[in-house]
Structures are given as structure tokens and as C-alpha cells.
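Structure, as C-alpha cells:
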Amino acid sequence: MSEQPPVALRGLTKQYGRITAVDDVSLTVNEGDVFGYLGPNGAGKTTSLRMMLGLITPTAGEARVFGHDPQKSVDALADVAGFVEAPRFYPYLDGMTNLRLVAALDGNEAKTRIDEALDVVELTGRAGDKVGGYSHGMRQRLGIAAALIRRPKLLLLDEPATGLDPGGMRDMRALIARLSAEGMTVMLSSHLLAEVEELCNRVAIVRSGRIVYEGELEELRATAGLTIRLRTSDDEVALRVLSDRRGISDVTRHGAAPIQFRAADEAAIGELSRALADSGALIFELAPSAATLEDLFFELTEGEGDAQAEEKRLDELSDLTGGAQ
Amino acid sequence: MSRPGTLTVYRWELRKLRAQKRTYLGLGAAVLVPIVFSVAVAIQPGEPADVPFGRYINDTGLAFPLVTLLFGSIWFYPLIAALVSGDIVANEDNNGTLKTILTRSVERSQVFFGKVMAAFSYSILAIILSGVVATIAGIIVSGFNPIPTLSGTLETPEQGLLLVAGSLAVYLMPILAISSFALLLSTVFRNSAAAVVGTLMFSLLLQLVVIIPGLDGLQPYLLSTQFNSWQGLLRTPADWDPIIRAAWVCAAYAIPSLAVALTVFLRRDVAGG
Ligand SMILES: Nc1ncnc2c1ncn2[C@@H]1O[C@H](COP(=O)(O)OP(=O)(O)OP(=O)(O)O)[C@@H](O)[C@H]1O
Ligand SMILES: [Mg+2]
């Protein structure tokens with residue numbers, strides 16, 4: 001299918017008085033993506049999603065879903081479902097009636113999927129209770145059910161795991177993975193790098209309304225470089241092997257802590273393991289250190305607001321990624 | 001697959017109204033007030049002689065709904081109408097549910113008109129219920145007897161019943177205008193208490209405008225005046241002038257209110273909640 005991409009944002013901007021909530025955001029979500037929209041509080045994630053759902057009008061730029069403008073008509077949302085912030089329902093109606101209501105507003109067919117959707121989010125037993133008495137997590141689940149009955153091709157989720165218990169979070173992630181495997185395109189916002197790493201193939205990192213990185217998660221990992229932890233039977237020998245090796249840099253060792261170094265690629269690590277074995281330093285542990293991507297994320301989203309330093313970082317980053325931004 | 005539209009919204013708005021206490025508060029008051037009035041008349045047979053038909057309440061039950069309409073026009077029926085009409089949009093803001101319904105397959109305009117139809121339905125039901133209860137209670141207390149018209153002629157009870165029904169129908173025009181204004185405030189204020197109180201203030205202020213010297217010429221064009229237009233029916237021959245004027249004056253209040261409300265509703269940002 002040579003169709004329009006599920007999401008295309010071009011120069012999207014939303015101004016609230018002095019605050020630019022979303023600042024010239026351009027990005028594309030392609031069919032089949034699980035796209036992570038990652039950023040700290042107030043970064044503009046919810047505001048962007050509201051514009052994609054036609055709930056608020058952009059100050060400038062445009063948001064398109066499957067090539068259609070949700071500002072013009074809800075027809076644009078024919079294949080789209082989701083929610084922003086916590087899903088909200090009528091507290092004086094029970095869960096089932098709330099779903100019937102939104103299903104009626106979708107058209108008749110959605111009604112036939114209510115039972116299945118309730119089952120998926122494990123709310124069947126509580127469907128007869130007033131939503132006013134639901135817990136936060138139950139409302140979140142009902143929100144997912146309300147989105148599923150639309151059988152969308154694009155699912156927009158604003159921090160879907162927020163407020164869920166650990167089991168619920170796991171189920172939610174499993175559900176998103178399953179829907180994606182079934183061919184649904186998903187865009188989800190999140191504060192959590194780990195969540196995005198687990199679920200998403202592409203990511204946009206936003207800060208103060210601006211995109212500071214957009215691209216494949218793999219590329220971002222490559223940008224962060226591979227920091228490797230190494231413990232051996234003889235670290236002195238290992239250090240000698242490490243020094244001056246092609247593809248190995250930044251070797252550090254603090255006291256009894258494991259040796260750390262950066263590797264250019266996985267091939268360099270493979271070579272290294274053979275060299276270590278040959279040298280007689282037996283490998284106890286040779287593992288990537290997870291902290292690096294996290295560090296990069298904080299660096300991208302937390303800078304001092306020093307514009308020059310910021311620009312420099314971004315330049316470095318786009319050099320490294322070949323201008324993926 | 002049938003496409004959902006205004007009628008779908010309307011049906012579900014009625015369903016929502018049926019689940020809310022506010023609806024029963026309004027309808028309950030609309031029923032209770034004529035009953036209390038009838039009981040009071042039964043116990044203490046004085047008569048409110050200073051209003052048209054007040055003199056006849058001990059002679060015929062058909063005078064009861066008419067006297068109720070007269071007294072109710074000052075604030076009671078406007079309040080009943082505003083109670084739901086002023087809430088029907090603001091309620092969505094309060095519950096944060098606009099984003100829930102506006103991201104389905106109905107246009108904002110369809111949501112708005114579905115709400116207008118539901119608010120109107122409620123207001124019409126409240127007036128008719130109130131009128132029917134007043135008539136029945138009145139007949140129990142004072143009997144199903146002939147009723148004198150404002151021209152001094154006497155109508156048979158059957159003819160009188162028709163005139164009461166006609167009067168209720170004419171009364172609906174200013175009531176729907178009040179509903180429309182409440183809908184406007186509900187949309188603009190996004191707060192139902194403010195919309196209900198605001199509508200009532202508006203209705204009372206209009207009644208006061210004529211006290212200002214030089215403004216008494218406005219009287220025929222005020223909404224409050226239209227609440228009395230049904231009295232044209234109770235003349236022989238019937239005087240249609242006040243009724244025709246009520247039709248266009250009420251439209252002149254209702255249509256711009258709804259037009260502004262619709263514009264605001266179509267353009268507004270749905271944030272928060
Ligand atoms: N309706 C509004 N009126 C005024 N300012 C707003 C409004 N909505 C959002 N903002 C501002 O826009 C900025 C972005 O808000 P937004 O809710 O999009 O952030 P977010 O990335 O979703 O944050 P969080 O992670 O806390 O949910 C914030 O500074 C916020 O104060
Ligand atoms: Mg948010």
C-alpha cells in the first residue's frame with residue numbers, strides 16, 4: 001500500500017500565551033511502527049497528541065493522520081483511536097453502558113466487540129459497576145477497551161502504563177506488543193526510557209516542546225555507543241590486551257570495580273573475547289552496561305537550558321547519527 | 001454500517017439525562033409545585049385575585065394550570081429549564097468527557113445539536129408534566145367546570161381543556177428560548193452552576209429593564225413578556241397577535257444564542273480533563 005503515513009506532523013506548533021507547548025515539531029510515524037514519544041513532564045507530549053486527535057487547534061503547522069486533517073472532520077479519525085491523559089467516562093453510568101455509548105458514536109459494528117474488549121482488559125466482572133467507583137487503573141483499562149472496540153489501524157496512547165500496578169503494566173506492554181504484531185501502528189508517549197526501549201522501534205525525544213532526537217532506537221543506541229563491563233580472572237592482563245586495540249576506547253578502571261570501555265561495534269567485542277582467552281585472562285563477565293542510553297536521554301532532556309551547550313550537543317548528536325534529526 | 005449522527009447523540013443524551021439526579025430534581029419540582037399549590041387551595045380556600053384566572057380557582061380546576069403558568073414564569077419554569085440546559089455541555093467539561101466523545105465518529109456539530117434536542121425535550125417534558133399534573137390536581141380540588149375567558153365569555157370544560165393545552169404549547173416558545181440561552185452559557189462558561197445562575201439572572205434582569213424610565217417601550221420585545229402571550233388564546237375571539245409576536249421574539253433570542261454557542265463549541269480547544 002502506498003498510502004499516507006499513519007502520522008505526519010509538519011512544523012506543528014501550539015502556543016499557550018508565552019508558553020510554546022509544542023515547538024515546530026515534524027515527524028512521521030510509518031505503518032507498523034511502535035513509535036515512542038519520550039520526554040519529561042511538560043515536554044508537550046499530551047498537547048501534540050491532542051492536536052493529532054483534533055481536540056485542539058495548532059497555532060501553526062499541521063498534523064495529519066493517514067493524510068487527513070483531524071481539524072476538518074472526524075472522518076480523519078476513522079482508523080484512529082486512543083486517549084490523552086487519563087481516559088474519562090461518565091461516572092454515573094456503568095462501564096458497560098459507557099462502552100455502549102462510545103460504540104454507538106462509532107457506528108453499529110463497534111458494539112459487537114465490547115465483550116471481547118472487556119475481556120482483554122480484564123474488566124468483565126466490573127462492567128456492571130458505575131465508573132464513578134472505578135480505581136485509576138480500572139479507568140485506564142476501560143480507556144484501552146474503548147479504543148480497541150474501534151478496531152483502529154493507529155492507536156494513540158498517552159502514557160498508557162501510568163497508574164497501573166506492575167502486573168497491569170506488564171499486561172499493557174504485552175497487549176501493545178500483540179496489537180503491533182497483528183499489524184496495528186502504535187504511537188505512545190512515555191516518561192520511561194525502559195518502556196520505550198522494550199516496546200518501540202522508533203523514538204522521538206522531546207524537550208520543552210522541541211524534538212531533540214528522532215529516529216530508530218537502534219541508531220540511538222549506536223549513538224550512545226556500547227559501554228561494556230568486563231571482569232576477568234586477571235584484570236592486569238586484560239587491561240594490557242585492551243590497550244591499543246582497534247575499536248576499543250575509553251578504558252577505565254576504578255579500584256575493584258569492573259573494567260569499563262567503549263566498543264565501536266559488536267565485532268570488536270568478539271575479537272576481544274578471543275584475544276582475552278588467548279592471553280590467559282578468563283572472562284567472568286563481558287556485558288553491555290545499560291546505563292549509557294539512560295545517560296544520553298538525561299543529557300538530551302535535562303540540560304541546563306544553556307542554549308550554546310545545547311546546540312553543541314545536538315550538533316554532536318546529529319554528526320554521530322548522520323543527521324537523523 | 002449505519003453512520004452515527006445527531007439522532008444517535010440525541011438518544012444517548014437522553015440516556016445520560018435518565019441517569020442523572022438533576023433531571024429528576026427538575027421534573028420532580030415541575031410536578032410537585034402544582035400539587036402543593038392545589039393542596040394549599042384545598043385547605044385554605046382564599047384566592048390570588050390579583051392575577052388573571054386567580055379569581056376562578058375555586059370555581060374550576062382548569063384555572064389551576066393557567067395560574068401556575070403565570071406564577072411560574074417569574075423564575076420557577078426558567079429555573080427548571082436552565083437546570084438541565086445549563087448543565088448539558090458544562091457537564092462534559094466537568095467530567096472531562098468531551099475528549100471521549102469527540103474522538104469517535106460524530107462531528108462536533110452533531111454532538112451539539114444532539115444536546116440541543118435533548119435539552120429541549122427535557123424542557124418540553126417538564127412543562128407538559130407540570131401542566132397535566134396542575135390540571136388533574138385542579139379538577140380534583142375544584143371540579144371540571146366551565147371556565148370564563150378574559151373577554152368574559154364562558155367556555156365549556158371540554159373547550160377549556162383544549163385552551164389549556166394550547167396555552168401550554170404557546171408557553172413552550174419562551175421556555176425553549178430560555179433553554180437556548182442556558183445552552184449558550186453552558187457552552188461558554190463550561191460550568192453548570194454559573195450557567196444556571198446566569199440564565200436565571202438574565203431572565204430576572206429582563207423583567208426589571210422595563211422599570212427604567214424610557215425603556216418601557218421595550219416591553220413587547222422582552223422574553224419575559226412572551227411568557228404571557230398564551231393569554232391571547234383565552235379571549236373571544238382568540239387574539240393571535242401576542243402569539244405571533246412571541247414566535248419571532250423567542251426565535252430572535254434562541255437562534256442567535258444557539259448560533260454563538262455552536263460557533264464556540266466548534267472552535268474551542270478541548271484541553272484539560
Ligand atoms: N490548556 C493549556 N493551557 C495553558 N498551558 C497549557 C495547556 N496545556 C498544556 N499547557 C502547557 O504546555 C506545556 C506542555 O504540556 P503537556 O501537557 O503537553 O506536557 P506533557 O509532555 O504531556 O507532560 P506530562 O508528562 O506531565 O504529561 C506545559 O508547559 C503546560 O503547562
Ligand atoms: Mg501529558
- Condition met for A:LEU217 (within 14 Å of the chain's Cα centre (by Cα) and of a type in the set (A, V, I, L, M, F, W, C)): yes
Of A:ALA76, A:ALA81, the only residue that is touching a Ser or Thr at 6+ places or on another chain (Cβ under 9 Å) and over 18 Å from A:ALA204 (Cα atoms) is A:ALA81
| said: Residue under question is B:GLU47, and the condition is that it be in a helix (DSSP H, G or I), over 15 Å from B:VAL133 (Cα atoms) and not polar (S, T, N, Q); does it hold? | reply: no
Only unsatisfied item for A:ALA104, checking (1) away from chain B (no Cβ under 11 Å); (2) assigned to a helix (DSSP H, G or I), is (1)
### Message
On the basis of being at pLDDT 95 or above and within 10 Å of chain B (Cβ to nearest Cβ), does A:PHE89 make the cut?
### Response
yes
Note on segment A:66-86: residues farther than 17 Å from A:ILE176 by Cα, within 16 Å of ligand 2 (Cβ to nearest atom) and touching a strand residue (DSSP E or B) at 6+ places or on another chain (Cβ under 8 Å) are A:GLU85
Expected single match for buried (at least 22 other Cβ atoms within 10 Å of the Cβ), assigned to a helix (DSSP H, G or I) and within 12 Å of chain B (Cβ to nearest Cβ) among A:ALA147, A:ALA117 is A:ALA147
If we ask which residues in segment A:281-316 are at pLDDT below 70, surrounded by fewer than 16 Cβ atoms within 10 Å (Cβ to Cβ) and within 18 Å of A:GLU197 (Cβ to Cβ), their number turns out to be 2
- request: Consider B:ASP239 carefully, then state whether it is surrounded by 15 or more Cβ atoms within 10 Å (Cβ to Cβ) and among the acidic types (Asp, Glu).
  value: yes
Being among the hydrophobic types (A, V, I, L, M, F, W, C) and modelled with pLDDT under 90 narrows B:LEU208, B:LEU176, B:LEU183 down to just B:LEU208
A:LEU77: passes all of (1) free of Cβ contacts under 8 Å to residues at least 40 places away in the same chain; (2) of a type in the set (A, V, I, L, M); (3) more than 8 Å from chain B (Cβ to nearest Cβ) but (3)
By residue number, the members of segment A:173-223 that are charged (D, E, K, R) and within 16 Å of ligand 1 (Cβ to nearest atom) are A:GLU195, A:ARG207, A:ARG210, A:GLU214
Do we have B:GLY160 as more than 16 Å from B:ILE88 (Cβ to Cβ), surrounded by 17 or more Cβ atoms within 10 Å (Cβ to Cβ), more than 14 Å from chain A (Cβ to nearest Cβ) and touching a Gly at 6+ places or on another chain (Cβ under 6 Å) here? no
If you go through A:ARG170, A:ARG141, the only one that is more than 16 Å from ligand 1 (Cβ to nearest atom), surrounded by fewer than 14 Cβ atoms within 10 Å (Cβ to Cβ) and part of a helix (DSSP H, G or I) is A:ARG170
Of the conditions (1) part of a helix (DSSP H, G or I); (2) more than 16 Å from ligand 2 (Cβ to nearest atom); (3) over 26 Å from A:HIS68 (Cα atoms); (4) at pLDDT below 95, the single one that A:GLU122 does not satisfy is (1)
Across segment A:74-87, the tally of residues that are of a type outside the set (Gly, Ala, Ser) and more than 16 Å from ligand 1 (Cβ to nearest atom) stands at 5
key: Test result for B:VAL188, of a type in the set (A, V, I, L, M), part of a helix (DSSP H, G or I) and touching a Gly at 6+ places or on another chain (Cβ under 8 Å)   = no
Of the candidates B:VAL197, B:VAL264, B:VAL209, the one satisfying the condition of being over 26 Å from B:GLY26 (Cα atoms), away from ligand 2 (no atom under 16 Å from the Cβ), more than 14 Å from every other protein chain (Cβ to nearest Cβ) and out of contact with any Asp or Glu (no Cβ under 8 Å at 6 or more places or on another chain) is B:VAL209
Given the criteria surrounded by fewer than 14 Cβ atoms within 10 Å (Cβ to Cβ) and within 30 Å of A:GLY163 (Cα to Cα), does A:GLU182 qualify?
yes
Exactly one of A:GLY42, A:GLY36 is within 16 Å of ligand 2 (Cβ to nearest atom), within 17 Å of the chain's Cα centre (by Cα), more than 13 Å from chain B (Cβ to nearest Cβ) and on the phi > 0 side of the Ramachandran plot, and that residue is A:GLY42
Selection over segment B:83-119 where residues are more than 10 Å from every other protein chain (Cβ to nearest Cβ), under 12 Å from B:PHE265 (Cβ atoms) and outside any helix (DSSP H, G or I) yields a count of 2
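Scan A:ASP129, A:ASP158 and give me the residue that is within 16 Å of ligand 1 (Cβ to nearest atom) and within 14 Å of another protein chain (Cβ to nearest Cβ).
A:ASP158
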Selection over segment B:15-48 where residues are surrounded by 17 or more Cβ atoms within 10 Å (Cβ to Cβ), within 17 Å of A:TYR92 (Cβ to Cβ) and either of a type in the set (A, V, I, L, M) or more than 14 Å from chain A (Cβ to nearest Cβ) (or both) yields a count of 3
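The values are calculated or read from the model by the stated rules, or taken from the named source; none is laboratory data. Just so you know, these numbers come straight off a predicted model, no measurement behind them. Neighbour counts run over all protein chains shown; Cβ positions are idealised from the backbone, glycine included.
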